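Working notes, structure below.
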Amino acid sequence: MKSLYFDVAEYKQRIKNTKLSMEEKGIEVLIVTDPANMNYLSGFDGWSFYVHQCLIVMIDREEPIWVGRGQDGNAAKLTSWLSEENIRPYTDDYVHSLIKHPMDFVSDILKEKGYDNKVIATEMDAYYFTAKCQETLVNDLPNARFADGNNIVNWVKIIKSDKEIEYIKKAAVIVERTMQVAFESINVGVRQNEAAANVYHAQIYGTEEYGGDYASIVPLMPSGIRTSTPHLSWTDEPYRDGDTVLVEIAGNYRRYHCPLSRTIILGNAPQRVKDLSEVVVEGIKATLEIIKPGITCEDIERTWAKSIAKSGFIKDSRVGYSFGLNYPPDWGEHTVSLRPGDKTILKPNMTLHFMPGIWLDDCGVDISEPIRITETGVELLTNYPRKLLVK
């Protein structure tokens, strides 16, 4: 019995939208290897992306073909809408072999279907698509022309359906509850890993009504001097009086994320951290007031930059990005970035992580808001106190 999270009609519309983009770019075959994009188009859901797998989307065939490891074939039957004839598992002698490669198997399917002389695009910058994958395809298919199909599906999925928004809002409830668990768990004398364990439990427990899934990024919870950089996590050291702790986490429901960041102070907060937090909070408030459909991503960054200019603090990285459906190692969609030069126009049902954290040489402040673009403005997806959290 299949366990689909969306109606088959929605999956087919996603395939149709992807093919329209392929057609515009002159692409006849798209080999999709990003696990989030595979899930988006087929429903396939499994922790199998550590071996090579893909969907083959052909411009003139209704269904894509799933290719993956033999022992994952039943996962494709259980979680995807695809017919059994379009689930093509390879034998285990392809796994980590020095003699043959899973993309040899993909090439053989393309030859079998008569697509070995077409314009074939691959997701060249996807995490799990290796140089060896591309080399194997090129060697196996000398009559094909290859193109870069990177982010084609990512841009299709940037506008969320109502069902996707429903899932993201459930993830938002989970992340709010998890942030509260983090706040309650982080105390002087408590080992950092103990607080992280509580966060993990809360993320996966979810609510009494529905459970959570594993997030695509581990809880990022640096403290003390480690808050000068955003992508460190916990250690087994105890929290100390006066520590600043950054918490960046996400709720996840059916692979749909909702991220959230806050900054916690234990005891007396350094004045520099207090000043920085006031600047960040003021900038968020001023920027949220101008967000609506029709403005561009760089308009958001410009408003933010103007707000903090008088403070003397500088942020030289983007202030946000699109998020949603994903697998490790990232919950971002790799499409829009809230920064100068990104002229993407905001449209309803885009979901963005407005994340204007600032990291200095000896400390940092990270306070964010996940938002949805509505027909007329912006919706906050969470309602957690937007301030420096002092204990």
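At a glance:
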item: Some residue of the stretch 73-92 being open to solvent by 30 Å² or more (accessible area, probe 1.4 Å) and more than 29 Å from Val8 (Cβ to Cβ); result: yes
item: Hits in the stretch 365-376 - residues which are open to solvent by less than 10 Å² (accessible area, probe 1.4 Å) and part of a loop (DSSP other than H, G, I, E, B); result: Asp366, Ile367, Ser368
item: Helices (runs of 4 or more DSSP H) completely within the stretch 106-209 that count 1 or more residues being more than 26 Å from Phe49 (Cβ to Cβ), open to solvent by 50 Å² or more (accessible area, probe 1.4 Å) and free of Cβ contacts under 8 Å to residues at least 60 places away in the same chain; result: 162-185, 192-205
item: Residue match in the stretch 123-143 (condition: touching a strand residue (DSSP E or B) at 6+ places or on another chain (Cβ under 6 Å), within 29 Å of Thr335 (Cα to Cα) and among the small types (Gly, Ala, Ser)); result: no
item: Unique match (being open to solvent by less than 10 Å² (accessible area, probe 1.4 Å) and not in a loop (DSSP other than H, G, I, E, B)) among Ser307, Ser322; result: Ser322
item: Criterion: touching a helix residue (DSSP H, G or I) at 6+ places or on another chain (Cβ under 7 Å) and more than 27 Å from Leu41 (Cβ to Cβ) - qualifying residue of Pro370, Pro340, Pro385; result: Pro340
item: Candidates Asp342, Asp362, filtered to the one that is more than 16 Å from Ile264 (Cα to Cα), among the acidic types (Asp, Glu) and open to solvent by 10 Å² or more (accessible area, probe 1.4 Å); result: Asp342
item: Residue within the stretch 41-52 that is closer than 27 Å to Ala131 by Cα, crowded, with 19+ Cβ neighbours inside 10 Å, in contact with an Asp or Glu (Cβ under 9 Å, 6 or more places away or on another chain) and among the charged types (D, E, K, R) present; result: no
item: Index of the failed condition, Ala286 passing every other in (1) open to solvent by 30 Å² or more (accessible area, probe 1.4 Å); (2) within 19 Å of Pro230 (Cβ to Cβ); (3) assigned to a helix (DSSP H, G or I); (4) aliphatic (A, V, I, L, M); result: (2)
item: Candidates Asp275, Asp299 - the one that is without any contact (Cβ under 8 Å) to a residue 40 or more places away in the chain and buried (at least 18 other Cβ atoms within 10 Å of the Cβ); result: Asp299
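The values are calculated or read from the model by the stated rules, or taken from the named source; none is laboratory data. Predicted model, so just to flag it, every value in this text is computed and none were measured. Backbone-built Cβ (ideal geometry, glycine too); neighbour counts: all protein chains shown. Protein only, heavy atoms only, side chains kept; ligands, DNA and RNA dropped before computing areas. Shrake-Rupley method; radii C 1.70, N 1.55, O 1.52, S 1.80 Å.
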